[in-house]
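A.B. asks: Before I ask anything, let me first share the structure, which is written out below as structure tokens.
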Amino acid sequence: MRVVIVGCGRVGSTLARLLVERHEVTVVDRTSEAFRRLGSKFQGQKIVGPGTDMDVLKRAGIEGADAFISVTDGDNRNIMAAQIAKKIFNVPQVFTRIYDPSRAAVYAEMGIQTLCTTSTAAGLFCDLVEGRRPDSFMAQLGSYLDAAQKV
Amino acid sequence: MYVIIIGGGNVGYYLTKDLVLAGHEVLLLEKDRARAQRLAEDLGEVAQQGDGCEARVMAEMGFARADVIVAATGEDEDNLIVCQMAKQRFGISRTISRVNSPANEALFAQLGIDTTVSATRLIFNLIEQEIEVDHLIPIAALARGHLEIVSIELSEHSPVLGRAIGEIALPGDAHIIALLRGDKGLLPSPNAILQIGDTVLTLVQQNQESALHGVFSA
């Protein structure tokens with residue numbers, strides 16, 4: 001698969017290192033400094049520029065990409081990048097991380113696959129504290145898997 | 001009208017002042033606490049602090065009863081999300097967004113934002129106006145960019161001088177919608193004769209814009 005990741009923070013860089021073993025990965029970040037997190041042996045491509053800029057995304061090979069994930073530290077940047085990937089470049093699998101649960105809910109309604117790490121982490125801890133199996137958490141993850149398999 | 005403006009930079013600030021003067025009910029929402037404080041000292045309770053992308057803040061500020069939402073921040077991604085949240089969550093039909101990168105105008109239209117304003121594009125067009133030889137300037141995009149209003153200033157070399165509007169064969173479904181002569185605006189009667197210096201406003205499909213060159217310029 002060809003995968004484009006926007007945002008090379010902790011999540012973006014970790015994800016890139018996981019995927020690069022088996023896939024063709026391009027990471028986009030506003031600063032080249034962020035790429036240090038990928039380590040010196042990283043085999044994927046690195047592109048410097050804003051992930052909401054269509055020219056930058058084209059340079060990152062978004063045309064013809066199989067999957068796109070936006071995980072910058074800005075919710076709005078992530079949402080905008082995800083919409084560009086989905087609506088303009090028709091990338092089959094598009095996922096985005098949104099911290100704000102209310103924003104995540106709105107964009108999930110609008111058909112963007114959102115992972116709201118705030119509510120999933122809170123729900124998971126809640127389940128664990130109260131001694132439940134984390135079923136609601138697993139159910140949410142299951143829905144992302146369904147979405148990915150639909151493609 | 002109840003107008004909510006998001007972003008208390010210079011655009012938001014002056015827009016708020018003018019709308020208040022014009023008698024509208026206005027709310028200016030600024031995310032940064034210190035900046036919101038300064039705005040409130042000047043504008044009073046019209047200026048409020050809050051993140052215009054957060055559903056809770058939007059509900060508290062009365063987004064549900066707003067007639068128009070104006071996203072005026074310096075960040076395109078924030079402006080996009082403000083407008084989309086207002087539409088999706090609060091059913092706002094009219095949103096106006098400032099667009100900082102001209103490339104985002106078309107994108108915003110595709111993502112459902114009704115009206116965008118790009119200062120960059122306006123200034124670019126003004127410069128083009130100075131240097132463009134045949135004075136053919138797109139001044140507004142309608143229907144998500146499929147239709148354009150194009151302004152054409154007739155130079156001494158224009159082949160349509162001395163001809164009546166009714167005689168001019170326009171490309172496709174293009175229409176002449178107004179004639180500007182000196183400081184007068186005229187409705188285009190078919191008998192009106194075109195003169196040097198006239199500005200012709202035409203409504204044209206975007207892909208036929210270039211065909212207008214052939215009709216109006218030498």
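Rule-based calculations on the coordinates, nothing more; no lab input. Computed from a prediction, not measured in an experiment: that's the story for all the values here. Counting neighbours? That spans all protein chains shown, and the Cβs are built from the backbone with ideal geometry, glycine included.
A.B. asks: So what are the ³J(HN,Hα) numbers for region A:71-88, from phi and the Karplus equation (6.51, -1.76, 1.60; θ = phi - 60°), rounded to whole Hz, Gly and Pro as x?
C.D. replies: 9, 7, 7, x, 4, 5, 4, 4, 5, 5, 4, 5, 5, 4, 4, 7, 8, 8
A.B. asks: Which whole-number percent is the relative contact order of chain B (Cα, under 8 Å, 6+ apart)?
C.D. replies: Across chain B, relative contact order equals 14 percent.
A.B. asks: Considering only DSSP beta bridges whose two residues both sit in the protein assembly as shown, what percent are antiparallel, to the nearest 5?
C.D. replies: 35
A.B. asks: Which trypsin sites (Lys or Arg not before Pro) in region A:26-107 sit in a loop by DSSP (not H, G, I, E or B) and have at most 12 other Cβ atoms within 10 Å of their own Cβ?
C.D. replies: Sparse-neighbourhood loop trypsin sites (Lys or Arg not before Pro): A:LYS41.
A.B. asks: Is it possible to state the helix-based mean residue ellipticity at 222 nm for chain B, with each DSSP H run of 4+ residues giving -39500 (n - 2.57), the sum divided by total residues, to the nearest 500 deg cm²/dmol? What is it?
C.D. replies: Value at 222 nm, helices only, nearest 500: -10000 deg cm²/dmol.
A.B. asks: Provide the descending list of Cα extents for the protein assembly as shown along its principal axes, expressed in whole angstroms.
C.D. replies: Computed over the protein assembly as shown, the largest-to-smallest principal extents equal 86, 52, 36 Å.
A.B. asks: Send over the per residue convex hull volume for chain B, Cα only, as a whole number of Å³.
C.D. replies: It is 142 Å³ per residue.
A.B. asks: Here's a follow-up. Under the definition of partner shielding as Cβ atoms of other protein chains within 10 Å of a residue Cβ, what is the mean value for peptide B:79-91?
C.D. replies: Partner Cβ neighbours, averaged per residue: 4.
A.B. asks: Is region B:1-59 rounded, prolate or oblate when judged by the Cα gyration tensor, a ≥ b ≥ c being the square roots of its eigenvalues, rounded requiring a/c under 1.5 and prolate requiring a/b larger than b/c?
C.D. replies: Since a/c reaches 1.5 but b/c is at least a/b, the shape of region B:1-59 is classed as oblate.
A.B. asks: Something else: If you average the C-alpha positions of region A:1-60 and of region B:1-22 separately, how far apart do those two centres end up, in angstrom?
C.D. replies: If we compute the Cα centre of each part, the gap is 40 Å.
A.B. asks: Rank these for me by crowding, B:HIS24, B:HIS157, going from fewest to most other beta carbons within 10 Å.
C.D. replies: B:HIS157, B:HIS24
A.B. asks: What does the highest-first list of B:186-193, B:113-120 look like by mean Cβ count within 10 Å?
C.D. replies: My ranking of the peptides, most packed first, is B:113-120, B:186-193.
A.B. asks: Continuing with the same structure: Beyond 17 Å, what percent of the Cα pairs of region A:55-151 remain?
C.D. replies: For region A:55-151, the share of Cα pairs beyond 17 Å comes to 53 percent.
A.B. asks: Using 28 Å as the Cα-Cα cut-off, could you pick out the over-long pairs in A:LYS41/A:LYS87; A:LYS87/B:LYS87; A:LYS46/A:LYS86; B:LYS31/B:LYS87; A:LYS86/B:LYS87?
C.D. replies: Those over the limit are A:LYS41/A:LYS87.
A.B. asks: Something else now. Given the rule -39500 (n - 2.57) for each run of at least 4 DSSP H residues, summed and divided by the residues of chain A, what is its mean residue ellipticity at 222 nm, to the nearest 500 deg cm²/dmol?
C.D. replies: About -12500 deg cm²/dmol.
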